[in-house]
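The values are calculated or read from the model by the stated rules, or taken from the named source; none is laboratory data. Predicted model only: the values in this text are computed from it and were never measured. Note that we place each Cβ from the backbone using ideal geometry, even for glycine, and neighbour counts take in every protein chain shown. These accessible areas exclude ligands, DNA and RNA; they are computed on the full protein's heavy atoms, side chains included. Shrake-Rupley method; radii C 1.70, N 1.55, O 1.52, S 1.80 Å.
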Amino acid sequence: MDSTKWVTIAQAGAHTDPHRDNAGLGTFLTCHQGNILFGWLDQPNGEILGSWKNDIDKEPEQGNYRVIALQPGQTVYFPPGLVHFVCREREGGPTLLYGGHVLRQRDLIKWINICIDLKHFPATTNESTDEIDKWIKAAAKIFAEVKRGSGDEQFWGRDVIEHFWQALKA
């Protein structure tokens, strides 16, 4: 399955529990049919996020969920690691949603940290964590070439490359 782009068809009332998307990637969702509610845990601190990761069925005692309604033609993008959920209106009929995952250069350090965290807390994603290793392997291949002197160190940033290798060793 190609996780960089996908389509979801769901019946009225369908929902996901709060989760983080797999492989630490940013995500975009575009509503094509029906009305979709998109909710997220707004700016949780380390304590709130840690408590949620240890018991994902327990709603955080602190922190706020925010919700927006997506109507056909509207798109939302959210950054890697965001705890979120998606709901369809009970009376709204079926929904059609296009989505995909992206990895932006500016998110690389956050991305590797989230990948490692998802490996330790696999229940916090609603997808298999098998894909994480594929993404890390691809990044390792690119950064190994940079390390061998491909000249791209300036593009990626020395701090990003060093953080990547250190995070994998930890």
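Can you say whether ILE9 is more than 30 Å from HIS163 (Cβ to Cβ), in contact with a Leu (Cβ under 6 Å, 6 or more places away or on another chain), exposed (fewer than 13 other Cβ atoms within 10 Å of the Cβ) and of a type outside the set (Phe, Trp, Tyr), as far as the supplied structure shows?
Considered against the rule, which asks whether it is more than 30 Å from HIS163 (Cβ to Cβ), in contact with a Leu (Cβ under 6 Å, 6 or more places away or on another chain), exposed (fewer than 13 other Cβ atoms within 10 Å of the Cβ) and of a type outside the set (Phe, Trp, Tyr), ILE9 comes out as yes.
Working carefully through the options ILE56, ILE116, ILE142, find the one that is β-branched (Val, Ile, Thr), open to solvent by 30 Å² or more (accessible area, probe 1.4 Å) and more than 18 Å from the chain's Cα centre (by Cα).
Testing whether each residue is β-branched (Val, Ile, Thr), open to solvent by 30 Å² or more (accessible area, probe 1.4 Å) and more than 18 Å from the chain's Cα centre (by Cα) leaves just ILE142.
Under the condition of being among the aliphatic types (A, V, I, L, M) and more than 14 Å from the chain's Cα centre (by Cα), which residue from segment 25-41 is least open to solvent (accessible area, probe 1.4 Å)?
Among those residues, the one meeting the criterion is ILE36.
Can you name every residue in segment 18-58 that is out of contact with any Asp or Glu (no Cβ under 9 Å at 6 or more places or on another chain) and assigned to a strand (DSSP E or B)?
PHE28, LEU29, THR30, CYS31, HIS32, GLN33, PHE38, GLY39, TRP40, LEU41, ASP42, listed by residue number.
Please count how many residues of segment 87-102 are open to solvent by less than 20 Å² (accessible area, probe 1.4 Å) and more than 13 Å from the chain's Cα centre (by Cα).
Final tally of qualifying residues: 2.
Would you mind stating whether PHE78 is closer than 22 Å to PHE38 by Cα, in contact with a Gly (Cβ under 8 Å, 6 or more places away or on another chain) and open to solvent by 30 Å² or more (accessible area, probe 1.4 Å)?
Against the criterion (closer than 22 Å to PHE38 by Cα, in contact with a Gly (Cβ under 8 Å, 6 or more places away or on another chain) and open to solvent by 30 Å² or more (accessible area, probe 1.4 Å)), PHE78 does not qualify.
Within the bounds of segment 27-48, is there any residue that is under 20 Å from PHE121 (Cβ atoms), touching a residue at least 24 places away in the same chain (Cβ under 8 Å), in contact with a Leu (Cβ under 6 Å, 6 or more places away or on another chain) and not aliphatic (A, V, I, L, M)?
yes
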